[in-house]
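Below: the structure, in structure tokens.
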Amino acid sequence: MHSTLAAWLHNLDPYAIGPIRWYGLSYLLGFTIAWLLVRRIARAGVTPLKPVHASDLIVAVAIGIIVGGRLGYVLFYRPDLLWTVYDGLPFWGVLAINEGGMASHGGMIGGVLACWIFARRHDPSIPMLHALDLIAFAAPLGLFFGRIANFINGELIGRPAPEGLPWAVKFPQEMYDWPRERLDRLLEQYQRVLGEEGHVFYRGPYELVDQLIALIQAGDEQAITFVEPLLTPRHPSQLYAALLEGLMVFLVLLWAWRKPQSPGLIAALFAIVYAVGRIANEFFRRPDVHIQDAEFAWLNITRGQWLSGLLLLVGVWGVWYVHRRGSVPMGGWHRGPWTTQKPSEAKPVRNR
């Protein structure tokens with residue numbers, strides 16, 4: 001990063017290798033870690049899930065998360081995409097992934113549905129709530145890497161930081177959300193900096209923003225000198241989210257997983273801890289520009305906060321329901337009565 005003016009200038013390249021983005025690699029890494037963790041649990045004999053079916057569960061949930069995440073973004077943040085039709089590919093707004101991205105709350109709904117389908121049709125011996133526990137336990141590290149990728153991409157940027165915040169970041173990507181009038185002035189100013197050739201290369205303000213960000217990522221001092229004073233130092237809210245919504249959730253669930261729990265309790269704890277972390281982080285994350293003045297803005301409640309508030313209520317209800325239901329505990333690091341393996345066939349499990 002290039003640092004000056006009491007803030008770091010974000011200049012990270014979103015592409016890891018050739019056309020492969022860090023964002024895509026974060027999904028691949030998250031699902032791979034989830035598969036390894038679920039397979040390790042299955043091999044330990046602390047779940048009715050057979051090790052050979054671990055990959056089936058992860059693939060089913062991966063599809064559910066991706067489909068649910070995209071549909072969740074459309075329904076929660078951009079319902080206009082439902083009736084948006086293009087002349088060319090991808091033809092339908094819902095499929096236009098360049099128009100917004102994915103919503104974590106929608107991904108969770110998709111993951112829940114995938115667990116239900118897996119438990120009902122693929123392996124009926126696995127309680128749906130226990131399948132949900134396995135995924136809830138394996139998911140937070142994927143969320144952690146996903147938020148790191150958000151930071152690398154310069155998306156989901158934070159609110160303005162207080163003066164002198166040592167870890168404040170200036171994101172050139174904020175220019176995409178500037179009013180059109182300001183972008184037009186930016187184009188005029190930069191064309192004067194470049195001279196007449198600027199009229200050849202920059203036919204519009206958004207093309208200019210693309211080029212300026214590319215130049216900053218390449219270390220072009222002229223572009224850095226021109227853009228940096230125009231940017232606002234902001235909270236790196238993506239990194240806050242990586243810690244609050246990813247790492248913190250995983251550590252809490254890791255502690256809870258130390259002993260068998262009633263099916264559904266791990267998932268309920270996930271909902272509670274994630275919701276608390278997301279609500280807290282929304283105070284530092286800038287709301288989506290197109291809805292920042294919508295519905296509950298007058299209460300200073302963001303869309304992410306009220307969705308997380310609902311998730312928090314679901315989690316609290318889930319804890320109550322699980323304790324009231326009183327099912328046989330599953331999981332943990334010790335074998336339990338639900339396994340069908342004989343002691344002589346089971347591999348030893350180290351205490352953790």
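The values are calculated or read from the model by the stated rules, or taken from the named source; none is laboratory data. Every value quoted in this text rests on a predicted model; they were computed, and no experiment measured them. Cβ: placed from backbone, ideal geometry, glycine included. Neighbour counts: every protein chain shown. Calculation scope for accessible area: heavy atoms of the full protein, side chains included, ligands and nucleic acids excluded. Shrake-Rupley method; radii C 1.70, N 1.55, O 1.52, S 1.80 Å.
What to note about this one:
- Kirkwood Rh and Cα Rg combined as Rg over Rh, evaluated for region 211-293: 1.22
- Shape summary: region 88-211 maps onto an equivalent ellipsoid whose semi-axes, from the alpha-carbon gyration tensor, are 44, 20, 10 Å in decreasing order.
- The C-alpha atoms of the chain define a longest principal axis, and helix 128-138 lies at about 50 degrees to it.
- FRET efficiency for the pair Glu207 and Arg121, taken as 1/(1 + (r/R0)^6) with r the Cβ-Cβ distance and R0 = 51 Å, rounds to 0.55.
- Note on exposure: Trp83, Trp8 ranked by accessible area (1.4 Å probe, complete protein assembly) read Trp83, Trp8, with the most exposed listed first.
- Antiparallel content of DSSP bridges confined to the chain, in %, to 5: 85 percent
- The H on the amide N of Met330, modeled in the peptide plane, is under 5 Å from the matching H of Gln261, Ser262, each at least 5 residues off or on a different chain.
- Portion, in percent, of the accessible area of region 97-141 that falls on carbon or sulfur, probe 1.4 Å: 66 percent
- Taking packing as the residue-averaged number of other Cβ atoms within 10 angstrom, the listed peptides 315-324, 279-288 run from highest to lowest as 279-288, 315-324.
- Close amide H partners of Trp178, meaning residues 5 or more places away or on another chain with modelled amide H under 5 Å apart, do not exist here.
- Solvent-accessible surface of protein heavy atoms, probed at 1.4 angstrom with all chains present, puts Ser308, Ser125, Ser327 in the order Ser125, Ser327, Ser308, largest first.
- Cβ-based net charge around Leu143, under 14 Å, with every Lys or Arg adding one and every Asp or Glu removing one: +1
- Extents of region 1-112, taken as max minus min of Cα coordinates on every principal axis and listed largest first, are 52, 44, 27 Å.
- Count Lys and Arg as plus one, Asp and Glu as minus one, and take only other residues whose Cβ is under 15 Å from that of His105; the net charge is then +3.
- Ranked by the mean number of other Cβ atoms within 10 Å per residue, highest first, peptides 168-176, 104-112, 152-160, 133-141 order as 133-141, 104-112, 168-176, 152-160.
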